[in-house]
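Note sheet for the following structure.
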Amino acid sequence: MTTHNHNMTDSEAKKRIETLTSELQQHNYNYYVLSNPTISDFEFDKLLKELERLEKEYPQFALPDSPTQRVGGEPTKEFKTVTHKYPFLSLANTYSESEIRDFDNRVRKAVGHDVEYVCELKYDGVAIGLTYVDGYLRQAVTRGDGTRGDEVTGNAKTIRSIPLKLRNSYPPELEIRGEIFFPAKAFEKLNAEREEIGEAPFANPRNSASGTLKMQDPAEVAKRPLDCFMYYIPGEQNLTKTHYESLKLAEKLGFKVSKNIAVCKTPDEIFEFINDWDKGRRHLEYDIDGIVIKVNSLAQQKVLGYTAKNPRWAIAYKFKAERAETILESISYQVGRTGAVTPVANLKPVHLAGTTVKRASLHNADIIATLDVREGDYVYVEKGGEIIPKIVGVNIEKRKPGVVPVHFIEYCPECGSRLVRKEGEAAFYCPNEDHCPPQIKGKLEHFISRKAMNIDSLGEGKIEMLYDNNLVTNPADLYDLKADDLLGLEKIIPAEEGKKEKKISFRKKTVENILKGIEQSKQVPFPRVLYAIGIRYVGETVAKKLALHYQTMDALMQADFEQLTGVEEIGEKIAESVINYFSKPEHIEMIRRLKEKGIQMALREKKSVVSPVLEGKSFVVSGVFENYSRDEIKQLIELYGGKNVASVSSKTDFVLAGHNMGPSKKEKAKTLGIPIISEKDFEEMIGK
């Protein structure tokens with residue numbers, strides 16, 4: 001760990017900051033725009049931390065395009081409305097070859113037969129306009145209504161493929177447009193993580209891109225891997241002669257521009273591009289919903305001009321979504337491990353995109369109401385970018401008389417408890433978390449899963465057998481299992497379409513493996529144990545943070561709301577959920593039993609205390625110090641028996657202030673009358 005470098009002169013610091021900034025910018029460009037990294041993530045993080053430290057110490061030398069901005073700036077309460085310099089136009093949509101031929105004829109009538117078109121993919125995301133002044137990103141504005149949009153500059157800066165400073169020779173002012181989107185793999189991962197902690201999944205990548213861009217805290221936006229393709233430099237800026245050249249210019253300036261572009265001279269060449277991508281879109285990392293066709297020459301674009309709504313020189317071809325019509329036979333309700341109740345549509349089997357579809361997700365009660373979908377309706381089913389088909393509409397004309405609106409169930413279909421719905425949440429929950437069968441099975445499955453206790457000998461339907469035979473109703477029961485309980489258990493899994501029936505039976509070897517797996521799980525470290533017990537909203541990362549902060553399960557169980565929200569990155573929702581979990585006697589009892597069986601309930605490496613002079617005292621550390629880095633100061637506090645907390649509250653004993661401490665912390669400490677001490681005072685306290 002490096003301490004602050006005292007012998008660095010101002011000019012050396014300035015130079016180092018400049019070098020690091022430009023190096024990191026280049027690495028960022030290699031990685032996110034060229035997809036061709038030249039250093040490891042670890043090396044990159046090391047350089048970034050060095051830059052962060054220098055910028056804190058020498059704020060006067062921090063550059064406007066510093067890569068440290070990408071981790072998220074100050075939260076905004078209200079997004080400013082900005083009027084676009086060049087209005088954002090919408091494109092006329094077409095759905096057939098003949099409409100494209102008509103478009104081509106209109107264009108040729110107006111500008112003659114020497115025409116080129118540029119064909120590009122039509123991304124399904126959120127349109128954004130970026131303004132650069134003197135090469136620096138000055139403003140990012142969403143499309144809004146086309147005339148005015150929301151300024152989201154702080155959030156856009158966290159998107160790694162958007163340059164903070166242009167490369168090569170750039171115009172003094174530039175406006176460029178593109179599409180911000182959520183890559184498909186990242187979207188699936190985000191939804192898996194949301195479901196894991198009991199949040200409702202997002203409906204599609206587009207909504208989550210849009211929702212992310214409107215989050216008030218850029219630091220939260222920075223955690224989500226949004227990406228951005230640039231596709232348009234408004235021609236009024238007279239930077240090039242053709243649209244295609246303007247895309248090449250954008251690439252030169254450091255923007256990410258799609259490689260999937262073609263210059264076409266005839267309608268037939270356009271159709272070839274369309275057909276290729278209608279098939280090829282399934283293999284893309286992001287969603288597209290069509291192709292955009294633009295006249296290449298900017299001079300010809302000017303001649304063609306605009307209608308009230310659309311440019312006459314461009315048109316969008318929308319792919320036909322793969323949809324089918326079928327009957328919605330019934331709606332059933334599934335209960336997940338967090339108690340969230342999801343409605344599922346059972347359909348009359350129908351062929352769609354090469355598979356037979358029998359079920360579709362309906363997400364939640366709001367979506368059922370919006371679609372006004374009813375049992376017995378003829379519905380339209382689509383397979384979009386999502387793997388799971390969804391109902392997108394109802395054929396009202398075929399609705400039979402006497403079909404009644406869906407009344408979302410009020411009681412849990414599994415255990416009969418009355419469902420609850422928290423304010424501001426879309427999902428209904430079954431509150432009976434400890435006695436509702438699918439929730440218990442779900443929690444057990446979660447407990448043994450790979451990232452949790454990793455008891456893989458219990459996978460594949462075995463948990464269900466243990467539960468159905470009344471051997472295990474909560475995780476602690478696993479550690480009471482004996483060979484005699486298990487030997488001879490068996491279950492037949494009935495044959496499904498095209499599959500044979502399967503038999504699971506617990507013979508001697510299977511039983512030995514299971515018991516061995518359970519025994520080995522006693523070595524799993526405390527952070528994973530905390531994740532495994534399945535507190536709502538406590539995912540893997542949060543479990544690590546809490547385990548590190550509290551060191552033991554006992555300490556965590558005693559923490560109150562104020563203490564929990566004081567831990568870095570622990571919000572009110574998580575704190576509430578943790579307190580709620582530990583307020584239930586059956587959870588306390590389960591933890592007592594797990595502890596008795598030898599499950600790790602504390603971090604092993606309890607830090608050795610040099611001397612207990614600061615015992616029972618809590619410190620908030622803020623600012624930059626002469627002789628130590630912040631981490632070193634925090635370690636000293638713990639070595640001498642004290643405790644670090646993240647934010648100032650009435651329970652804080654001291655605020656240890658370095659240079660440039662945060663003004664809000666200072667204010668709060670003064671208001672609450674908490675002593676603010678210096679580095680020197682602190683050294684005296686510990687007798688250094």
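The sole residue among LEU47, LEU34, LEU91 that is part of a loop (DSSP other than H, G, I, E, B) and at pLDDT 90 or above is LEU91. Scanning region 557-609 for residues that are more than 16 Å from VAL529 (Cβ to Cβ), under 32 Å from the mean Cα position of the chain (by Cα) and of a type in the set (Ser, Thr, Tyr) turns up THR565, SER577, SER583. Among the conditions (1) touching a residue at least 12 places away in the same chain (Cβ under 8 Å); (2) under 23 Å from ARG450 (Cβ atoms), GLU519 misses just one, which is (1). The set of residues from region 509-549 being at positive phi and of a type in the set (Gly, Ala, Ser) comprises just one member, GLY534. Kindly list the number of the only condition in (1) at pLDDT 95 or above; (2) acidic (Asp, Glu); (3) within 33 Å of the chain's Cα centre (by Cα) that fails for GLU245. Answer for GLU245: the failing condition is (3).
Those strands (runs of 3 or more DSSP E) of region 103-165 in which at least 3 residues are within 24 Å of GLY73 (Cα to Cα) and in contact with a helix residue (DSSP H, G or I) (Cβ under 9 Å, 6 or more places away or on another chain), considering only elements entirely within it, cover 126-133, 136-142. With respect to ALA547, is the statement that it is free of Cβ contacts under 8 Å to residues at least 24 places away in the same chain and closer than 30 Å to GLY662 by Cβ true? For ALA547, the condition - free of Cβ contacts under 8 Å to residues at least 24 places away in the same chain and closer than 30 Å to GLY662 by Cβ - is not met. Could you say whether any residue in region 56-65 is at pLDDT below 90, at negative phi and out of contact with any Cys (no Cβ under 9 Å at 6 or more places or on another chain)? The answer is yes; a qualifying residue exists. Restricting region 155-173 to residues that are surrounded by fewer than 21 Cβ atoms within 10 Å (Cβ to Cβ) and not polar (S, T, N, Q), the residue that is nearest to GLN216 (Cα to Cα) is ARG160. Just to be sure before I move on: is VAL648 of a type in the set (Val, Ile, Thr), outside the structural domain of GLN563 (by TED's automatic domain parsing) and either touching a Ser or Thr at 6+ places or on another chain (Cβ under 9 Å) or loosely packed, with under 14 Cβ neighbours inside 10 Å (or both) in the structure I sent? Judged against the criteria, VAL648 is a match. Residue pairs whose Cβ atoms lie under 6 Å apart, separated by 6 or more positions or on different chains, with the first residue in region 675-688 and touching a residue at least 40 places away in the same chain (Cβ under 8 Å) and the second among the hydroxyl-bearing types (Ser, Thr, Tyr) and outside any loop (DSSP other than H, G, I, E, B), do not occur. State all residues of region 172-206 that are within 21 Å of LEU89 (Cα to Cα) and outside any strand (DSSP E or B); if no residue qualifies, say none. Within region 172-206, ARG206 is the sole residue that qualifies. Residues of region 609-636 that are part of a loop (DSSP other than H, G, I, E, B) and exposed (fewer than 15 other Cβ atoms within 10 Å of the Cβ): VAL609, VAL610, SER611, GLU615, GLY616, GLU626, ASN627. When residues in region 430-463 are screened for being among the charged types (D, E, K, R) and at pLDDT 90 or above, 3 of them pass. Applying the criterion of being among the β-branched types (Val, Ile, Thr), out of contact with any Gly (no Cβ under 8 Å at 6 or more places or on another chain) and crowded, with 18+ Cβ neighbours inside 10 Å to the residues of region 74-111, the residue that is farthest from PHE319 (Cα to Cα) is VAL111.
Every residue, every condition in (1) of a type in the set (D, E, K, R); (2) outside the structural domain of SER98 (by TED's automatic domain parsing), yes or no:
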| site | (1), (2) |
| --- | --- |
| ALA308 | no, no |
| ARG312 | yes, no |
| GLN334 | no, yes |
| LEU362 | no, yes |
| ILE367 | no, yes |
| VAL381 | no, yes |
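Inspect region 327-341 for any residue being modelled with pLDDT under 90, more than 30 Å from the chain's Cα centre (by Cα) and of a type in the set (Lys, Arg) and give the result as yes or no. No, every residue in region 327-341 fails to be modelled with pLDDT under 90, more than 30 Å from the chain's Cα centre (by Cα) and of a type in the set (Lys, Arg). In the condition set (1) of a type outside the set (A, V, I, L, M); (2) surrounded by fewer than 17 Cβ atoms within 10 Å (Cβ to Cβ); (3) touching a residue at least 40 places away in the same chain (Cβ under 8 Å); (4) not in a loop (DSSP other than H, G, I, E, B), GLU576 is compliant with all but (3). Inspection of region 54-73 identifies at least one residue that is touching an Asp or Glu at 6+ places or on another chain (Cβ under 7 Å), surrounded by 14 or more Cβ atoms within 10 Å (Cβ to Cβ) and either under 30 Å from GLY235 (Cα atoms) or of a type in the set (S, T, N, Q) (or both).
Take region 481-516 and flag every residue that is in contact (Cβ under 8 Å) with a residue 40 or more places away in the chain and within 22 Å of ARG593 (Cβ to Cβ). Of everything in region 481-516, those that are in contact (Cβ under 8 Å) with a residue 40 or more places away in the chain and within 22 Å of ARG593 (Cβ to Cβ) turn out to be ILE514, LYS516. Any residue at all in region 272-287 that's surrounded by fewer than 20 Cβ atoms within 10 Å (Cβ to Cβ), over 29 Å from ASP102 (Cα atoms), in contact with an Asp or Glu (Cβ under 9 Å, 6 or more places away or on another chain) and modelled with pLDDT under 95? Yes, the conditions are met somewhere in region 272-287.
The values are calculated or read from the model by the stated rules, or taken from the named source; none is laboratory data. The structure displayed is predicted, hence computed values, not measured ones. Neighbour counts run over all protein chains shown; Cβ positions are idealised from the backbone, glycine included.
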